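The values are calculated or read from the model by the stated rules, or taken from the named source; none is laboratory data. Note that the coordinates shown come from a computational prediction; the quantities given were computed from them, not determined experimentally. Neighbour counts are summed over all protein chains in view; Cβ atoms, including those assigned to glycine, are modelled from backbone coordinates with ideal geometry. Surface accessibility is based on the protein's heavy atoms, side chains included, excluding ligands, DNA and RNA. Shrake-Rupley method; radii C 1.70, N 1.55, O 1.52, S 1.80 Å.
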Amino acid sequence: PQAAAGGVRAAPRACGVHNVCRLLIRRAHGFYARDAGVAHRKNLGLLRKIMCQESTKFKNVWTTHSASPIAYERGRIYMDNYQCCISSIAQEPRILYQKSKCAKSEKIEDALLLECPLGEMLPSPSDYKASLIVLTVQNWLLRLSADSGEVLEKVYLAGSCCKFFRYLSWDTPQEVMIVKSAQNKLPAAARQAGIQQTVLFYLAVFQVLPLSFIGMLEINKKIFGNSVTDVAVSNGILIVMYSMGLVRLYNFKAILEQFMEQPFDLGQEFNWNGQVGVVGKYPFGLPCNIKITDTPPLLFEASSLENAFQIGGYPWHYIITPNKKKHKGVFHICSLKDNALAKNGIQDMKCCSLEPDWIYFHPDMSGRIIHVGPNLIKVLKLKEVKNHADQMEIAEDFTIVANRENCVNNTVTVTASGRVVKKRFTSLDDDPEQETFKIVDYEDELDLLSTVAVTQIGADGRAHLDFHCNEHGILLKSIPLKESWDVTYSHEVYFDKDLVLHIEQKPNRRFSCYVYQMVCDTAKDDD
């Protein structure tokens, strides 16, 4: 176009590129040096290349043991019920803060890490730094500084309605938080007296940064039915689970809007149902200001073994297991639109193992599906059936196979004397003496798929962490873990950029933490 004065042609937008898709591709490739994310993407690309080099090692730099659970969140190790915080980012882990031992009444039940949203103006300077939201046994919700443990905000949750809030979760990650109570159960004497308990759970809903109260609601038998066993909220959906395997979905945002009786702000004085107090202050806590008086419109329902139900993919699909015990380990992938089973949508590894295989939608938002068995990982994808655009099929993208080359499992053997010996049983697919997959995870910043495989011979178990190309499944790096791995213990492994962290829970509540950091050294050493 010509300029209004002077007739000078304006500079073409983004170097002559007008197509949105091409603009996004060029930006991802780093064409625009002034883009704030270009340097970060380049640095992560370099880190991935360095990490996967043969000369790069991961060294065990720190080990600790504890009589209480150990937790890890974004470069911070929490011990002693979150009273001790250790930074794992430094060359050697160092203590960020250490609080005195808390009383049992101040015990922390659950915690969530809260990180500052980008591009938003926040009311307090402390809001721009990471913080930890914790829930105490006495129903206090505290926001703590992640670096010092200082209490930044505190909210008392339980008034007369509920005294047992126990769980924290995200509805929308880093935006909307749900605080859930334990299931309300009457004492045996009350049940024998014929007293009935109709309220099963309470849910308190908060907007975070700044922390603000949206509302509290109850899950009532009279509305949702007698056989409710659990509830959850995720991505604006209220998920109600029933004892017979039924799962029902409701629009949570619509419920808040339809049944909200009166909004309240934290710190606001109120007169509610004969109670006078301050919202979020002791002893009144929070008012139950969302009263569901009628069954909300049902969005979707499905019946699945053990209430196992997942939604993902594109177009939207869901994964269930038919609601019979004989179908355990069989997964059906169906269209959310019309419940139609996808072509090749029944996934069954036919595993003969003590621990079942598991399946889930890939966390990289690609719409793919990861199916993990004892010795096989299948990455599946949804694609249109040829000549049938309205039908989808499940196709194999790539597989990762455990290293069992040296495994010989003959049912018939011949001794040195020539005697034929027949085995009465076949070894399990997850036999500890064969390499078996135990953990599969995804590192989003480096776009790597990580797997932990374990082999246990006698009392000594050996594990290695492998990095695979997320796009094609090619093995890029293998890291042996130095410590022995007992398959009967509980294990967690975190891979966070240049850090690997292994948390182990032994019998009698004994916990161990092993920290590995990336070391670039071309010299050969024993590390």
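Around GLU261, with a cut-off of 13 angstrom between Cβ atoms, what is the net charge of the other residues, counting Lys and Arg +1 and Asp and Glu -1?
Net charge around GLU261: -1.
With every protein chain kept in the model, how would you rank TYR360, TYR250 by accessible area, 1.4 Å probe, largest at the top?
TYR360, TYR250
Which listed residue (TRP170, ASN184, SER227) has the Cα farthest towards the positive end of the charge dipole for the chain, taking +1 on Lys and Arg C-beta and -1 on Asp and Glu C-beta about the Cα centre?
SER227
Sort SER100, SER450, SER353, SER148 by accessible area with a 1.4 Å probe, largest first.
Greatest to least solvent exposure: SER100, SER148, SER353, SER450.
Using a cut-off of 16 Å between alpha-carbon atoms, which aspartates and glutamates can reach LYS101, once sequence neighbours fewer than 8 places away in the same chain are excluded?
ASP80, GLU109, GLU150
How much area per residue is accessible in the chain when the probe is 1.4 Å and only protein heavy atoms are counted (Å²)?
56 Å²
Sequence gap at least 6, Cα distance under 8 Å: using those rules, report the relative contact order of the chain to the nearest whole percent.
11 percent
As a test of the formula, what do you get for the chain when each DSSP H run with n ≥ 4 contributes -39,500 (n - 2.57) and the sum is divided by the residue count, at 222 nm and rounded to the nearest 500 deg cm²/dmol?
So the helix-based figure for the chain works out to -2000 deg cm²/dmol.
Starting from the Cα of LYS383, draw a straight line to each of the lysines and keep only those under 21 Å, dropping any in the same chain fewer than 8 residues away.
Answer for LYS383, where 21 Å is the Cα cut-off: LYS337, LYS343, listed by chain and number.
Using a basic spin-label model with each label point 7 Å from the Cα along Cα→Cβ, how many nm lie between ASP294 and LYS386?
5.2 nm
What size of dipole, in debye to the nearest 20, comes out for the stretch 252-341 about its Cα centre when the only charges are +1 on Lys and Arg C-beta atoms and -1 on Asp and Glu C-beta atoms?
Result for the stretch 252-341 is approximately 600 debye, rounded to the nearest 20.
Roughly how much of GLU355 is accessible, in Å² to the nearest 10, using a 1.4 Å probe?
Ignoring ligands and nucleic acids, GLU355 comes out at about 100 Å².
Which net charge results when you count Lys and Arg as +1 and Asp and Glu as -1 among the other residues whose beta-carbon is under 10 Å from that of PRO69?
Overall, the nearby charge balance is 0.
Measuring from centroid to centroid over Cα atoms, what is the spacing of the stretch 454-527 and the stretch 141-214 in Å?
36 Å
Taking the Cα-to-Cβ direction at ILE95 and at ASP496 and moving 7 Å from each Cα, how far apart do the two end points lie in nm?
Label at ILE95, label at ASP496, 2.0 nm between them.
So if we plug the beta-carbon distance of LEU23 and ILE346 into 1/(1 + (r/R0)^6) with R0 = 56 Å, what FRET efficiency do we get, rounded to 0.05?
The calculated FRET efficiency here is 0.85.
Roughly how many debye, to the nearest 20, is the charge dipole of the stretch 103-303 about its Cα centre, given +1 on each Lys and Arg Cβ, -1 on each Asp and Glu Cβ, and no other charges?
Dipole size: approximately 860 debye.
Using a simple charge model, +1 on the beta-carbon of Lys and Arg, -1 on the beta-carbon of Asp and Glu, nothing else, what dipole does the chain show about its Cα centre, in debye to the nearest 20?
640 debye
Ignoring ligands, DNA and RNA, what percent of the 1.4 Å accessible area of the chain is carbon and sulfur?
Solvent-exposed carbon and sulfur of the chain make up 52 percent of the total.
So which lysines can LYS482 reach, going by Cα to Cα under 16 Å and dropping same-chain residues fewer than 8 places off?
LYS57, LYS59
Rounded, prolate or oblate, given the Cα gyration tensor of the chain, with a/c below 1.5 counting as rounded?
Here the chain falls in the rounded category.
Assign one of three labels to the stretch 163-317, namely rounded, prolate or oblate, based on the Cα gyration tensor with a ≥ b ≥ c the square roots of its eigenvalues; rounded applies when a/c is under 1.5, prolate when it is not and a/b is larger than b/c, and oblate otherwise.
Verdict is oblate for the stretch 163-317.
Can you give me the solvent accessible area of VAL278 with a 1.4 Å probe, rounded to the nearest 10 Å²?
That residue has around 40 Å² of solvent-accessible surface.
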